[in-house]
Amino acid sequence: MAPTAVSRDMARAGEGVPAPGGTEAGALVARAGSRTADAEGAPVETGRAGAAPVRSRRTIDATAAGVRAVNALLAGAERPAELTITDPRGAHALACGLNDEVEVTIEGHVGYYCAGMNQRATVTVHGSAGVGVAENMMSGTVRVRGDASQSAGATAHGGLLVIDGNAGARCGISMKGVDIVVGGDIGHMSAFMGQAGRLVVLGDAGEALGDSLYEARLYVRGRVASLGADCVRKDMRPEHLAELAELLAAAGFDADPAEFTRYGSARELYHFHVDNANAY
């Protein structure tokens with residue numbers, strides 16, 4: 001019997017001839033999927049016919065593949081549980097908008113907004129990060145093994161951001177519940193309008209720390225160049241020492257909580273006073 005137009009098209013597509021019993025049976029076999037092996041010989045799931053393998057572990061070259069392809073892989077239904085991104089070359093917006101428990105390791109420096117809007121994922125940057133790392137993070141963990149530029153953790157609502165090195169100006173600006181732990185120094189105007197969460201600094205803090213602070217709690221081990229409006233030094237009570245010890249342990253830093261000073265809001269700025277009416 002001469003091959004039909006359907007069988008010829010399937011053969012050209014690499015799908016073979018339908019199984020006996022018609023194309024519906026063949027489609028069921030294809031959708032059932034099978035197990036195969038990757039380049040290293042490890043078994044992987046293939047899923048439906050023509051779909052990319054679902055791997056538990058994968059490595060992708062950011063320069064060769066492009067940022068869009070990397071982020072599409074992480075956002076897709078067949079994303080790996082663990083992804084290593086190599087050769088980022090300071091690319092912007094890598095690993096943004098993750099909302100699953102995926103583990104991402106980036107081998108090199110990254111640009112703006114890496115791991116922004118993160119939810120549940122664990123992202124580790126083995127290098128330094130540009131402006132806005134972990135910006136608007138909701139949950140999960142982001143760690144920068146090097147330094148971070150301005151606005152690290154800006155507007156973040158939750159999760160843990162750890163910076164092993166230094167952070168630039170406005171670290172934790174408008175933070176809304178995130179925990180940020182910095183192993184080195186932070187720049188000026190950090191925690192500006194900090195509404196909730198904790199900022200821990202093992203080094204020094206720049207000028208105007210906590211300016212217009214609401215209820216975020218700040219712990220600094222080193223010197224503070226100056227405090228911003230409505231930010232004051234506060235006593236370290238036992239509950240604060242315990243809280244700080246927990247944060248340091250979560251971030252992997254070995255430091256004595258007793259060496260830190262706590263800063264918080266004087267709660268004067270965000271209450272209306274008629275005597276200050278002309279200033280509004």
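List of remarks:
- Criterion (in contact with a Leu (Cβ under 9 Å, 6 or more places away or on another chain), modelled with pLDDT of 95 or more and open to solvent by less than 50 Å² (accessible area, probe 1.4 Å)) met by exactly one of Ala250, Ala216, Ala258, Ala225: Ala216
- Verdict on His92 being open to solvent by 10 Å² or more (accessible area, probe 1.4 Å), touching a strand residue (DSSP E or B) at 6+ places or on another chain (Cβ under 9 Å) and part of a loop (DSSP other than H, G, I, E, B): no
- Residues that are without any contact (Cβ under 8 Å) to a residue 12 or more places away in the chain and assigned to a helix (DSSP H, G or I), drawn from the stretch 243-280: Glu246, Ala249, Val274, Asp275, Asn276, Ala277, Asn278, Ala279
- Residue in the stretch 112-134 that is touching an Asp or Glu at 6+ places or on another chain (Cβ under 6 Å) and aromatic (Phe, Trp, Tyr) present: yes
- Within the stretch 72-89, the set of residues being in a loop (DSSP other than H, G, I, E, B), surrounded by fewer than 19 Cβ atoms within 10 Å (Cβ to Cβ) and out of contact with any Asp or Glu (no Cβ under 8 Å at 6 or more places or on another chain) comprises Gly76, Ala77, Glu78, Arg89.
- Residues (within 24 Å of Asp164 (Cβ to Cβ) and among the hydroxyl-bearing types (Ser, Thr, Tyr)) located in the stretch 222-280: Thr261, Tyr263
- Here Gly203 passes the criteria (1) part of a loop (DSSP other than H, G, I, E, B); (2) more than 20 Å from Arg143 (Cβ to Cβ) except the one numbered (2).
- Residue satisfying all of: in the stretch 228-247; closer than 21 Å to Gln195 by Cβ and of a type in the set (Lys, Arg); surrounded by the most Cβ atoms within 10 Å (Cβ to Cβ) among these: Lys234
- Scanning the stretch 95-110 for residues that are part of a loop (DSSP other than H, G, I, E, B) and over 20 Å from Val181 (Cα atoms) yields Ala95, Cys96, Gly97, Leu98, Asn99, Asp100, Glu101, Val102, Gly108.
The values are calculated or read from the model by the stated rules, or taken from the named source; none is laboratory data. Note that this is a predicted model, so its numbers are computed, not measured. Reconstructed Cβ throughout: ideal geometry from the backbone, glycine too, with neighbour counts over all protein chains shown. These area figures cover heavy atoms from the full protein model, side chains too; ligands, DNA and RNA do not enter into them. Shrake-Rupley method; radii C 1.70, N 1.55, O 1.52, S 1.80 Å.
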